[in-house]
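See structure below.
A short reminder: the numbers here are calculations on the coordinates, not readings from a lab. All figures in this text were calculated on a predicted structure; none of them were measured in a lab. When we count neighbours, we look across all protein chains shown, and the Cβ atoms used for this are built from the backbone with ideal geometry, even at glycine.
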Amino acid sequence: MKILVVGGGGREHAILRKLKESPLCTELWAAPGNAGIGCDATCKPIAATDLAGMVEFAKQERFDYVVVTPDDPLALGMVDALEAAGIPAFGPNKAAARIESSKVFSKNLMKKYGIPTARYEVFEDPDQAMAYIRRQGQYPVVVKADGLALGKGVLICEDESAAEAAVRGMLVEGKFGASGRRVVVEEFLTGPEVSVLSFTDGHVLVPMLSSMDHKRALDGDAGLNTGGMGVIAPNPYYTAEIAAACMDEIFLPTVQAMQAEGCPFKGCLYFGLMLTPNGPKVIEYNCRFGDPETQGVLPLLDSDLLEIMLAVTGGRLHEVPVSWKPGAAACVVLASGGYPEHYQKGKPIAGLGPDGQLAGAKDVTVCHAGTALQEGGFVTNGGRVLGVTATAPSLREALDRAYAAADGIAFEGLHRRSDIGQRALAAL
Ligand code: AMP
Ligand code: GLY
């Protein structure tokens with residue numbers, strides 16, 4: 001099969017490397033891809049959000065299957081457009097992608113179907129939002145923009161004046177554009193966070209191994225929220241008992257709710273959960289694989305990813321095995337100094353072989369998130385630059401192996417967290 005993966009980050013690289021292992025896959029392309037992805041697939045410089053351009057290219061090159069991974073093309077309806085052109089694609093259609101692209105949609109879905117989540121109200125009027133916040137009188141309070149906001153639309157407000165600034169920023173000053181025209185004001189939850197990615201064909205749902213992302217930029221969960229600075233899998237807080245409860249109370253009810261709403265979800269459904277003292281609750285849904293979660297989870301997948309994806313699209317997920325390797329994985333993200341704010345690009349990267357990998361590092365994979373080629377060598381080309389993932393029999397060994405491998409890579413201004421996995425180790 002000739003396959004196209006839409007996107008160009010670490011997540012897409014991890015997916016491509018797994019697809020490459022499939023005996024069904026004969027030709028692998030990425031659009032736009034990046035320099036490291038170019039070592040595993042042929043890259044075509046089309047923006048992931050260019051719907052018309054992507055469909056035209058897919059028709060012209062006669063792809064057998066297209067895997068759409070980033071949130072924005074899914075929210076724009078790329079899967080609908082590809083299917084309309086007769087090209088089968090992995091990912092939810094536009095209506096189902098609302099589970100991520102509109103927090104108002106997802107919160108109302110959870111309320112209607114009794115899926116546990118933080119208490120909330122939706123507002124378009126800043127004065128009404130503030131009146132509600134004052135009436136509740138509980139801080140911190142969480143203010144969220146309705147739409148996609150590059151992970152920056154969630155503000156945790158410690159007091160009334162911070163809440164006022166958040167609400168006015170979105171509803172009056174229009175800081176998040178159309179994404180912030182409605183806000184969700186919700187209760188602040190506490191507890192360890194767990195990411196659970198799952199495959200679902202709209203009826204059957206198969207969870208992947210659980211993981212733990214590290215969203216803040218600095219050690220000790222300090223600093224700004226980022227796309228994710230590292231991940232470990234499986235997540236030791238997510239016990240078999242909790243997993244069973246999540247299946248009954250959250251995962252299956254969500255799949256059934258989407259069916260009942262007339263927009264069955266096909267693809268990878270991501271559950272961002274918080275294990276609160278009152279049980280697991282949904283913090284957010286994503287309509288796609290998480291990044292860096294995918295970089296930690298897929299190396300432990302023992303089954304054929306392409307076979308699973310095709311079964312998801314074909315509505316026959318019950319027919320294929322989804323099994324996992326024993327052991328653990330750890331991924332450390334190497335970012336540009338200054339990320340997630342201002343950072344420089346074009347810094348030469350030392351330590352990588354011509355294949356973009358670390359020579360001789362056993363059970364280690366380097367996924368390229370933001371790299372380019374300059375004079376034949378890799379240079380930095382984004383905020384998150386590389387993800388170094390190691391697998392091992394135990395989490396401790398996986399972490400040691402990932403950090404030892406990451407020590408072999410250098411570029412000017414390199415920033416990484418030194419405490420990935422520490423909270424998880426404390427739970428073991
Ligand atoms: P989101 O973009 O919805 O994933 O939110 C980003 C991060 O904000 C989450 O990973 C949580 O760490 C935090 N967060 C979101 N909602 C809440 C909440 N209701 N209570 C506590 N933390 C939250
Ligand atoms: N790592 C969180 C996300 O992909 O949204």
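Quick look at the numbers
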{"quantity": "Distance (nanometres) between label positions extended 7 Å along Cα→Cβ at Ala84 and Ser161", "calculated": "5.1"}
{"quantity": "Relative exposure of Glu241, Glu186, Glu27, judged by other C-beta atoms within 10 Å (fewest first)", "calculated": "Glu241, Glu27, Glu186"}
{"quantity": "Tensor-based shape of segment 1-60 (alpha-carbon gyration tensor, a/c under 1.5 rounded, otherwise prolate or oblate)", "calculated": "oblate"}
{"quantity": "DSSP-assigned coil residues among trypsin sites (Lys or Arg not before Pro) in segment 14-105, each with at most 11 further Cβ atoms within 10 Å", "calculated": "Arg62"}
{"quantity": "Cβ-based net charge around Arg316, under 11 Å, with every Lys or Arg adding one and every Asp or Glu removing one", "calculated": "-3"}
{"quantity": "All lysines inside 28 Å of Lys112 as judged from Cα atoms, apart from same-chain residues fewer than 8 positions distant", "calculated": "Lys94, Lys103, Lys144, Lys152, Lys266, Lys281"}
{"quantity": "Per-peptide average of other Cβ atoms within 10 Å, ordering 161-168, 197-204 highest first", "calculated": "197-204, 161-168"}
{"quantity": "The chain: most fluctuating residue of Ala96, Ala405, Ala260 per GNM, C-alpha cutoff 10 Å", "calculated": "Ala260"}
{"quantity": "Reachable aspartates and glutamates from Lys20, criterion Cα separation under 20 angstrom, eight or more residues apart if same chain", "calculated": "Glu12, Asp40, Glu61, Asp64, Asp291, Glu293, Asp302, Asp304, Glu307, Asp355, Asp363"}
{"quantity": "Cβ charges +1 (Lys, Arg) and -1 (Asp, Glu), total dipole of segment 220-352, debye", "calculated": "380"}
{"quantity": "Between segment 315-358 and segment 1-65, the Cα center-to-center distance that results, in Å", "calculated": "16"}
{"quantity": "For the chain: relative contact order, % (alpha-carbon pairs under 8 angstrom, 6 or more apart)", "calculated": "17"}
{"quantity": "Chain lengthening between Thr239 and Ser418 when straightened (0.36 nm per residue, less Cα-Cα)", "calculated": "61.9 nm"}
{"quantity": "The chain - mean residue ellipticity at 222 nm from DSSP helices (-39,500 (n - 2.57) per run, n ≥ 4, rounded to 500)", "calculated": "-8000 deg cm²/dmol"}
{"quantity": "Cα shape, the chain, gyration tensor, a/c 1.5 rule", "calculated": "rounded"}
{"quantity": "Gain on full stretching of the segment that runs from Asp355 to Glu375 - 0.36 nm per residue minus C-alpha separation", "calculated": "5.7 nm"}
{"quantity": "Overall form of segment 171-243 per C-alpha gyration tensor (a/c, 1.5; a/b vs b/c)", "calculated": "oblate"}
